[in-house]
Ligand SMILES: Nc1ncnc2c1ncn2[C@@H]1O[C@H](COP(=O)(O)OP(=O)(O)OP(=O)(O)O)[C@@H](O)[C@H]1O
Ligand SMILES: [Mg+2]
């Protein structure tokens, strides 16, 4: 069996993509004993540091095992290391040895993308050819490790980037965390239309797109009314679980030097993160997302 690839994307920044990526991986690994790989495609490296801690991430950088080195080798016409060699297993500060691994990012990753584009442009390539090349490298990397995991969760950078688009193309399911406010909804509508069209045009067939309301403040009437509009428009592709704005969620993201149980780590957010994992698995099994 090969892994299902879940790309966590929203063009908007700060909506909880990285937090959702890490917490989803942790509940799948701990509560459902799934083998999970997190791929951090964001040069901001938030998910890498949340999931592996700054010290271990620093070691991965020193060992040249971050994603920038994998793609940079191509840009320099060097033989790239196997994608598998980037993967660091046994991460997380959770007790209970979750089967959780990471392919980490580094700040240099943003320069690699730029260098790749420059090199291809000099050779006269069109942007579509560059995108195709990146998609293929990324998909080949995924294929080489796919049998080792149940889920590969890809945390994407905000905005539009060639790597985020590669993650979109490689995804079996796309999870879009979004804050329930008016501006975010407009962005979501635009993104959803474009994403589904791109996938249909370039890959043929459909991918599931799931929307998760994040940083929800139910005492805020604007959030409540936006959630209703989202539920009407999105139907079953909107998660019933809503992630509240909770200090315990932000706190869980801070690395702990001592291992902690899931409940210790997620505190008041434990039930909601657990429910997220359950609904996620249910959605994939039932093929409900649009
Ligand atoms: N449900 C929540 N309750 C409280 N704080 C949250 C919640 N979700 C995320 N945060 C906090 O909001 C900030 C942004 O979250 P996160 O980094 O997950 O967003 P992002 O969408 O990945 O951002 P970026 O677009 O920069 O990658 C972080 O400080 C995080 O701790
Ligand atoms: Mg992020």
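Throughout, read-outs are computed from the coordinates displayed, never taken from laboratory work. None of these values were measured; they are calculated from a predicted model. We place every Cβ from the backbone using ideal geometry, glycine too, and count neighbours over all the protein chains shown.
Laid out as a table, the results:
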| quantity | calculated |
| --- | --- |
| Fewest-first sequence of 31, 126, 223 by Cβ atoms within 10 Å of each Cβ | 126, 31, 223 |
| Value of D in µm² per second that Stokes-Einstein yields for the stretch 4-286, Kirkwood Rh from Cα pairs, at 10 °C (1.306 mPa s) | 83 µm²/s |
| Calculated [θ] (222 nm, deg cm²/dmol) that DSSP helices of n ≥ 4 give over the chain, each run adding -39,500 (n - 2.57) | -15500 deg cm²/dmol |
| Label-to-label distance, nm, for residues given as residue 250 and residue 172 (7 Å Cα→Cβ offset) | 3.5 nm |
| Rounded Å value of the spacing that divides the Cα centres of the stretch 33-79 and the stretch 224-260 | 26 Å |
| Spin-label pair residue 200/residue 227, simplified geometry with 7 Å Cα→Cβ offset, distance in nm | 3.1 nm |
| Modelled FRET efficiency - R0 41 Å, residue 260 with residue 78, Cβ distances, 0.05 increments | 0.50 |
| Modelled FRET efficiency - R0 51 Å, residue 31 with residue 125, Cβ distances, 0.05 increments | 0.65 |
| Rg ratio (alpha-carbon, reference 2.2 N^0.38 Å) - the stretch 192-290 | 1.30 |
| Counting all C-alpha pairs of the stretch 123-215, share separated by more than 16 Å (%) | 60 percent |
| Computed FRET value (nearest 0.05) for residue 114 with residue 63, which takes r as the C-beta separation and R₀ as 35 Å | 0.90 |
| Projected label distance in nm at residue 193 and residue 95, using a 7 Å step from Cα toward the beta-carbon | 5.1 nm |
